[in-house]
Amino acid sequence: MTEQYRHLLSPIDIGPFTLRNRILVTAHVPGLEAGGHVNEDYIAYQRAKARGGAALQITGSTAVHRSGSVGAGRGLNASNDSCIDGYQRLADAIHRHDGRFLVQLGHAGANVVDTGAGRPLIAPSPIMSRISRETPKQMTISEIDEIVDAHGTAAIRVRKGNLDGVELLSAFGYLPAAFLSPYSNTRTDDYGGSLENRMRFLLRIIDAVRAGVGRDRILGVRLPGDEKVAGGLTQSALQEIAKLLAQTGLVDYLNIIVGTNYERAGRMDHWPPTPAPHGLFVPLAAGIKSQVAVPVFTAGRITDPAMANAIIERGDADMVGMTRAQISDPGLVRKLIEGRPQDIRPCVGANLCIAQGMASKSIRCIHNPMTGRDASWGDLSPTDAPKNVTVIGGGPAGLEAARVAAERGHRVTLFEASSDIGGQLAIWSKAPMTKEFRKTLNWYKIQLTQLQVHVRTGQRLTPKDVAVLDTNVLILATGAIPKKPLLIATGSDAIPVIDPWQAIADSPTGKHILINDEGGGRAALSAADALLDQNRITLVTAEYAIGELVTPTVRAPIYKRFLTGKVVMHPSQEIHAIVGNTLTLRSVHTGEALDIQDVDIVVDWRGGLVEDTLRSAVEARGLPHNIIGDCVAPRQVHIAIAEGAMAARAI
């Protein structure tokens, strides 16, 4: 099996080190650090990936100065010597598993609001980033000197911390990239205008960091392959910049990404969720690689090892970032080497990991509950007293409970009332934008089969059935059902009012469907997505925006699909009446009325309602039991899956 991935699993020389394969974990902030310092949570999170076989791992942007962090209380800090002890402990943990680890040094410039009295944002020019929407102060020469020196002293600390080198963040509009780009640099002094001048800041930093980290450590640069904004750096301009960087002889690799945070869409595009194409930024890396002799890395929705292997085989890049894939399954490389690719928990592009970061929360994965909990949960331990475990409900919570209990050595039977497993995930996977969620369910089917879990679909248990189950442990995971629509259509030709789940199941065509989203989340949006191609869709919500609770990286492609498909959106509106096929909306702000005519179907989403009709029967058995997931309270998928794992670990 390893022959299938021989290019991906082949070693490569990067600077002074030989890396064991071509798979890296690119820079990201997991939100596990404390006060800018490495702690046990952070070490455990990174250790899992080194143990799983990643060749190279990189911190998220690490502050080098009192200004320019990735946000108050977030990210690591290399601006003083207090970081060194944590780096040493991290280095020990990674090296024990034959991994290599770099610190990405960065300064957010105009892109992250982390300011205070006497501490404005600073940037090459007073140009506002569309992310921060705060105009920065133009840097003075003395401030430029100070930031250059700060990079050099931070590099010294990385070396003292026994880590393997530094990556400089010169992408996303962070300071070095902001100086490089004419979009964000309008200076007329030695740091603006010509390419030579715009490169001066980055080249000075490279000199300082190489002096600080030494020749026996790696020094790489993260660089966009195209800023994708009018007036910004194009592929051809960045090819020239890449050649000049390589010619310094100081840079060991170039890590290619896309976009700039100065422009709103750029911020969203470099974290593409499903259904974005896989490997969509590889051509940019290939374009840079065609111009330089140093190794070139690529990233961007590369989740399939076969695709990653093909990228290396074609020579499009020398290493492949499979970051979200290894957030989903830190053991990805090890499973490839062991000939178990079917056991890799697939990344489905849900972007929960990104959403958590944007909300300044600890990293999570939609379907791997261990993500971010490595230290607190620890490795899964086998049971020394196997029991008969019955799981009632085959949605996300029940599936994970069954899988983990069986992996621990228990004998597991799972009952699911419907004809297929998956619960809400199965419903969402019928919508075009979230069809990749089916990969999660297919993975569970493989795992439950391999673990010899008895899966009985199409069996809705009654309280009498629960009373006679031959089991030692019960886990109730029957999920939630949609709340009944509150809207009532009147008139002799009253139109149907249904919930999103029924709408997706019925799949009507050729209709004008008005979807009322009062419950938030994905349900109403998934219904619109599933029905859009064959129907005329109108979306209504009382909130300020459609999909207000959906994370921005996911909301952006949803809006693109809806607007391209001519969905009519009415935010800040409530449905006041339905008479015949006419709906009257009222503005939540002014009370002004608006009539929507010729509506055939109303889809009314008001959130979920617990399905706990078997709770009393489960409790009456007097057996060890756990009640988990949405049948406790309707929440998010990742929480249900985590509760499934917790229940199985507690047996």
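The values are calculated or read from the model by the stated rules, or taken from the named source; none is laboratory data. Since this is a predicted model, take the numbers as computed values, not measurements. Counting neighbours? That spans all protein chains shown, and the Cβs are built from the backbone with ideal geometry, glycine included. With ligands, DNA and RNA removed, areas are computed over all heavy atoms of the protein, side chains included. Shrake-Rupley method; radii C 1.70, N 1.55, O 1.52, S 1.80 Å.
Listing for the model above:
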{"quantity": "The range 52-101, accessible surface, carbon-and-sulfur percent (1.4 angstrom probe)", "calculated": "40"}
{"quantity": "Order of exposure, largest accessible area first, which applies to E416, E40, E592 with probe 1.4 Å", "calculated": "E592, E40, E416"}
{"quantity": "Lys, Arg +1 and Asp, Glu -1 on Cβ, resulting dipole of the range 367-420 about Cα centre, debye, nearest 20", "calculated": "140"}
{"quantity": "For the range 113-270, share of DSSP beta bridges that run antiparallel, in % to the nearest 5", "calculated": "5"}
{"quantity": "Principal-axis tilt of helix 195-213 within the chain, Cα atoms, nearest 10 degrees", "calculated": "90"}
{"quantity": "Summed residue charge, Cβ within 15 Å of P126's Cβ, Lys/Arg positive, Asp/Glu negative", "calculated": "+1"}
{"quantity": "Amide H within-cut-off set for I257, under 5 Å, with H built and near neighbours excluded", "calculated": "L223, G225"}
{"quantity": "Whole-percent carbon and sulfur share, accessible surface of the range 566-651, 1.4 Å", "calculated": "50"}
{"quantity": "Total charge dipole magnitude, the range 95-232, about the Cα centre, Cβ charges on Lys, Arg, Asp, Glu only, Debye to nearest 20", "calculated": "320"}
{"quantity": "Separation in nanometres of the label points that stand 7 Å from Cα toward Cβ, at E574 and A293", "calculated": "7.1"}
{"quantity": "Relative contact order (%) - criterion: Cα under 8 Å, at least six apart; region: the chain", "calculated": "11"}
{"quantity": "Calculated from backbone phi, Karplus (6.51, -1.76, 1.60) coupling profile of the range 619-636 in Hz, x at Gly/Pro", "calculated": "5, 5, 5, x, 9, x, 8, 9, 10, 9, x, 6, 7, 8, 6, x, 9, 8"}
{"quantity": "Full-extension gain in nm, D598 to S10, via 0.36 nm per residue minus C-alpha separation", "calculated": "205.5 nm"}
{"quantity": "Given charges at Cβ of Lys, Arg, Asp, Glu: the range 25-103 dipole, positive-most of G99, Y42, A54", "calculated": "A54"}
{"quantity": "Lys/Arg +1, Asp/Glu -1 at C-beta; the chain dipole; positive extreme among I141, G331, Q597", "calculated": "G331"}
{"quantity": "Accessible-area value, H625, 1.4 Å probe, nucleic acids and ligands omitted, Å²", "calculated": "80"}
{"quantity": "Modelled FRET efficiency - R0 30 Å, T490 with T613, Cβ distances, 0.05 increments", "calculated": "0.40"}
{"quantity": "For E518, solvent-accessible area (1.4 Å; no DNA, RNA or ligand), Å²", "calculated": "60"}
{"quantity": "For the range 338-470, with +1 on Lys and Arg beta carbons and -1 on Asp and Glu, the positive-most of V412, V389, A426 along the dipole", "calculated": "A426"}
{"quantity": "Distance violations [Cα-Cα > 28 Å] among K49/K228; K137/K243; K49/K160; K361/K430", "calculated": "K49/K228; K137/K243; K361/K430"}
{"quantity": "Estimated distance in nm for a label pair at R334 and A650, the labels positioned 7 Å out from Cα along Cα-to-Cβ", "calculated": "2.7"}
{"quantity": "Estimated FRET transfer efficiency (D533, A72; beta-carbon r; R0 51 Å; 0.05)", "calculated": "0.70"}
{"quantity": "Inter-site label distance for R621 and S381 at 7 Å from Cα along Cβ, in nm", "calculated": "2.5"}
{"quantity": "Apportionment of accessible area to carbon and sulfur, the range 135-209, percent (1.4 Å)", "calculated": "50"}
{"quantity": "Full-extension gain in nm, E548 to D189, via 0.36 nm per residue minus C-alpha separation", "calculated": "124.9 nm"}
{"quantity": "DSSP bridge pairs, the chain: antiparallel proportion in percent, nearest 5", "calculated": "20"}
{"quantity": "Rounded accessible area of K243 (nearest 10 Å², 1.4 Å probe)", "calculated": "60"}
{"quantity": "Lys, Arg +1 and Asp, Glu -1 on Cβ, resulting dipole of the range 503-596 about Cα centre, debye, nearest 20", "calculated": "340"}
{"quantity": "Solvent-accessible area per residue for the chain (1.4 angstrom probe, square angstrom)", "calculated": "38"}
{"quantity": "Calculated FRET efficiency for the pair R215/K243, C-beta based, R₀ 25 Å, to 0.05", "calculated": "0.70"}
{"quantity": "Global geometry of the range 68-145, whether rounded, prolate or oblate, following the gyration tensor of its Cα atoms and the 1.5 cut on a/c", "calculated": "prolate"}
{"quantity": "Potential lengthening between H95 and A417 on full extension [0.36 nm per residue; Cα-Cα distance subtracted]", "calculated": "111.1 nm"}
